[in-house]
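Structure, as structure tokens:
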């Protein structure tokens, strides 16, 4: 694990411990731009919503269907996994992947409180997804891929675990092409400095073998940083 990953793990583990103790996570400084504010069409339990650290709503992107298996990369407190489990129904399955023990404990608590049985939380990194090939129909993620120090590995892993004809539907951070090194370093203080440009995102998704790539900004979250909707498909054949 890199020093950057260690810093992220510590940051989010501390947030999870605070949430487990019934406190605010202490992470979000722009609640009108980040967090559960983007789930206005969803019925979100207050305790779970309070632990949302995302920049959008990937469920508005992924178009989940009953019976599907969905994987959430960097599942945190479990919000998107729980909502996904409702959408795919009892014949489907929702899997959350997180590298932080405290976040996994928090997510499992939330799943138990919700009474959902078609959910599973597994420990691992998004650069080395611990699932077999062709295991899921949909991969979602919410403002996590930008944190990865090895994004090509993330996209290669996504392509590997998706079944033929499967799809990626995520929200993530994008950086303007004009973002300077100094501005990126300043963003790093909020763990936002690893954001890709839209062109970089498209190129990496295509390099991983995904098709029908669509990258679309939604709203500003920081200086020259934006939340975006990103979609792609794995070829059927």
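The values are calculated or read from the model by the stated rules, or taken from the named source; none is laboratory data. Quick caveat, the model's predicted, so the values are computed rather than measured. FYI the Cβ positions are ideal-geometry reconstructions off the backbone, even for glycines, and counts take in every protein chain you see.
Tabulated data for the structure shown
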quantity: Failed condition for residue 56, given (1) at pLDDT 90 or above; (2) touching a strand residue (DSSP E or B) at 6+ places or on another chain (Cβ under 6 Å); calculated: (1)
quantity: Residues located in the stretch 102-119, provided they are assigned to a helix (DSSP H, G or I) and touching a helix residue (DSSP H, G or I) at 6+ places or on another chain (Cβ under 7 Å); calculated: 102, 103, 105, 106, 107, 110, 111, 114
quantity: Selection status of residue 42, farther than 20 Å from residue 122 by Cβ, at pLDDT below 60 and surrounded by fewer than 21 Cβ atoms within 10 Å (Cβ to Cβ); calculated: yes
quantity: Considering residues of the stretch 110-125 that are over 23 Å from residue 168 (Cβ atoms) and modelled with pLDDT of 90 or more only, the residue surrounded by the fewest Cβ atoms within 10 Å (Cβ to Cβ); calculated: 115
quantity: Residues (surrounded by fewer than 18 Cβ atoms within 10 Å (Cβ to Cβ), assigned to a helix (DSSP H, G or I), touching a strand residue (DSSP E or B) at 6+ places or on another chain (Cβ under 8 Å) and modelled with pLDDT of 95 or more) located in the stretch 181-237; calculated: 202, 206
quantity: Of all residues making up the stretch 131-149, the number that are surrounded by fewer than 18 Cβ atoms within 10 Å (Cβ to Cβ) and either in a helix (DSSP H, G or I) or touching a strand residue (DSSP E or B) at 6+ places or on another chain (Cβ under 6 Å) (or both); calculated: 1
quantity: Some residue of the stretch 171-180 being over 13 Å from residue 72 (Cβ atoms), touching a helix residue (DSSP H, G or I) at 6+ places or on another chain (Cβ under 7 Å) and not in a strand (DSSP E or B); calculated: no
quantity: Matching residues, the stretch 59-92, being touching a helix residue (DSSP H, G or I) at 6+ places or on another chain (Cβ under 6 Å), under 24 Å from residue 215 (Cβ atoms) and modelled with pLDDT under 95; calculated: 59, 64, 75, 76, 79, 83
